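K.L.:
Dropping a structure here in structure tokens format, bear with me for questions.
The values are calculated or read from the model by the stated rules, or taken from the named source; none is laboratory data. What you see is a predicted model, and the numbers here were worked out from it, not measured in a lab. Don't worry about glycine lacking a Cβ; one is built from the backbone with ideal geometry, like all the others, and counts go over all protein chains shown. These area figures cover heavy atoms from the full protein model, side chains too; ligands, DNA and RNA do not enter into them. Shrake-Rupley method; radii C 1.70, N 1.55, O 1.52, S 1.80 Å.
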Amino acid sequence: MAATPHALPTSPQAGPPSGDFGAPGGDPGGADGPSGHTADALPQIVARRHPGRWLAACAALLVFAMVLNSVVRNRAFQWNVVSGYFTTPAVLDGLVLTLWLTAAVMVLGFVLGTLLAVMRLSANPVLRTLSWGYVWIFRSTPLLVQLLFWFNIGALYPRLGIGIPFGPEFVTFKTANLLGAAATALIGLTLHEAAYAAEVVRGGILTVDAGQTEAAQALGLGRRRVLQRIVVPQAMRSIVPTAGNMLIGTLKGTSIVSVLAVQDLLYSVQLVYNRTYQVIPLLMVATLWYIAVTTLLSIGQFYLERHYARGAARELPPTPVQRLRRRAATLRERLRTSSAAGAPPLVKGRR
């Protein structure tokens, strides 16, 4: 026998629930009720004010303006002399030698440094020990001392020979006039740079997860191809920033070769102010050229880092042009929002 369901008693006086969930605050009037509030009227989110940041920014701008004013209006800098010597042939020749020396040292230093890094990561204990000893010696000795040693190589070894160790020599030559000032600077800077480049390359390779190499070897890839296609592209993300700093440091560090009478940018400027006694403006000429070249190298480093960041970041870092466009778009949006907020609100008519 089936049970008959009982219907709940209803009352004609039963009204709606006491609170209307469609209107905020249980307003039974709905969107256009007596309270005059709309259902979509939400509280406006206002960004938190940071007066301290603006005060710090204003103070920094004030200090910057004071320093800039003191530099521009200081007659001791003799800006007319700076502009007159900025593009003279002597200064440009020194700049070309500085750029050539920087490029040669970086290329040769990283080639030798990469070889030392591979030796340091090798399973052969002899290669590991030799690589570690090279890095230890050249990082422990000041660069100026190394340059002076190479410059006085004739006093240390008056004669060098090539032959069998502890046996006969096939070729011998004197070292009195073997190396000139430029060659000495190139050799000394390259050997010094290679010690630091070896650690940079080794550190970049160690940042790559070992599972990447194991997976590539499991697929049958050779060791050389694993380095070229798997390890090196990922290691470059760690190598490029440090290598960029080394490049800028090498550019400025080449000024130390002026003690060997190598006519780089600084030595060329020194020759001029030793003759004219205009020390400050000629030093400003060298400073401005160093700043200009360093700025160009920094821009190149930024785009190189951005290139190797592909695949590692969800979104590539914006370029300076993209940042300016975004800031301009944000400023236009803020102006549009503020102008719309300042307009008189529209009043709805009652039904």
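K.L.:
Give me the number: length gained by fully extending LEU335 to VAL107, i.e. 0.36 nm times residue separation minus the C-alpha to C-alpha distance, one decimal in nm.
P.N.:
Once the chain is fully extended between LEU335 and VAL107, it gains 77.0 nm.
K.L.:
Moving on. Loop only by DSSP, 10 or fewer other Cβ within 10 Å of the Cβ. Give me the trypsin sites (Lys or Arg not before Pro) in the stretch 232-323 that pass, ordered by residue number.
P.N.:
Those that pass, being in a loop and sparsely packed, are ARG314.
K.L.:
Summarise the accessible area of the stretch 189-332 (1.4 Å probe, protein heavy atoms) by the percent that is carbon and sulfur.
P.N.:
In the stretch 189-332, the share of accessible area belonging to carbon and sulfur is 58 percent.
K.L.:
Something else now. How high is the FRET efficiency from LEU304 to ASN274, r the C-beta distance, R0 51 Å, rounded to 0.05?
P.N.:
0.85
K.L.:
Excluding PRO241 itself, what net charge comes from residues whose Cβ is under 12 Å from its Cβ, given Lys and Arg +1 and Asp and Glu -1?
P.N.:
+1
K.L.:
Sticking with this one: Rolling a 1.4 angstrom probe over the protein heavy atoms, how many square angstrom per residue are accessible across the stretch 269-327?
P.N.:
70
K.L.:
Counting other Cβ atoms within 10 Å, which chymotrypsin sites (Phe, Trp or Tyr not before Pro) in the stretch 125-220 have at most 13 and lie in a DSSP loop?
P.N.:
For chymotrypsin sites (Phe, Trp or Tyr not before Pro) across the stretch 125-220 that sit outside H, G, I, E and B with at most 13 neighbouring Cβ atoms in 10 Å, the list reads PHE166.
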